[in-house]
Amino acid sequence: MSQDDELAAIRHKKMAEILQTTPIPNDVVNIETTNQFNELVNQYKSNLIIVDMWAPWCGPCRSFGPVYSALQQEYFKKGVIFTKLNVDNHQDIMQQFQVSGVPTSLFILNKKLIHRQVGMLPKPQFMQVIEGVLRKYPQN
């Protein structure tokens with residue numbers, strides 16, 4: 001093994017260690033850029049990431065906001081990451097995931113869309129959806 005290969009292997013191992021020890025966000029993450037979204041999905045690929053696709057002009061989206069924030073606090077200890085993405089500012093991500101209406105919640109694990117919830121649900125029903133996804137797709 002060459003010295004360059006050895007250094008690359010050490011860098012790779014260190015990066016894996018850093019990623020494993022990076023604490024998850026303890027608040028709802030507002031996605032500001034496509035790069036931020038991609039970095040989050042790549043950095044926390046072993047965590048369930050829920051993306052609330054919303055718009056400021058959408059009444060049900062605004063009503064769902066406080067419920068979503070409360071759920072973030074409840075599921076933080078389970079390693080679930082909650083994010084919000086304003087579709088008016090991110091048509092590219094909206095198209096990538098073929099979102100045609102808001103509110104829509106995307107569930108991402110291991111960089112893959114594993115579930116889509118269209119429409120707003122009351123807190124108990126949304127909790128049931130989250131629990132169902134966690135049972136079907138356990139986090140690493």
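For region 60-118, name all the residues that are basic (Lys, Arg) and on the phi > 0 side of the Ramachandran plot. Passing the criteria: only LYS111.
Would you call VAL80 out of contact with any helix residue (DSSP H, G or I) (no Cβ under 6 Å at 6 or more places or on another chain), surrounded by 19 or more Cβ atoms within 10 Å (Cβ to Cβ) and at pLDDT 95 or above? Spell out the reasoning first.
Numbers: out of contact with any helix residue (DSSP H, G or I) (no Cβ under 6 Å at 6 or more places or on another chain): yes; surrounded by 19 or more Cβ atoms within 10 Å (Cβ to Cβ): yes; at pLDDT 95 or above: yes.
When the stated conditions are applied, VAL80 passes them.
Within the bounds of region 99-109, is there any residue that is surrounded by fewer than 17 Cβ atoms within 10 Å (Cβ to Cβ) and closer than 22 Å to ASN38 by Cα?
Let us first name the residues in region 99-109 that are surrounded by fewer than 17 Cβ atoms within 10 Å (Cβ to Cβ), namely 100-101.
Applying the additional criterion that residues be closer than 22 Å to ASN38 by Cα yields 100-101.
The answer is yes; a qualifying residue exists.
Among residues that are surrounded by 19 or more Cβ atoms within 10 Å (Cβ to Cβ) and in contact with an Asp or Glu (Cβ under 9 Å, 6 or more places away or on another chain), TYR68 is included.
The values are calculated or read from the model by the stated rules, or taken from the named source; none is laboratory data. This is a predicted model, so every value here is computed, not measured. Counting neighbours? That spans all protein chains shown, and the Cβs are built from the backbone with ideal geometry, glycine included.
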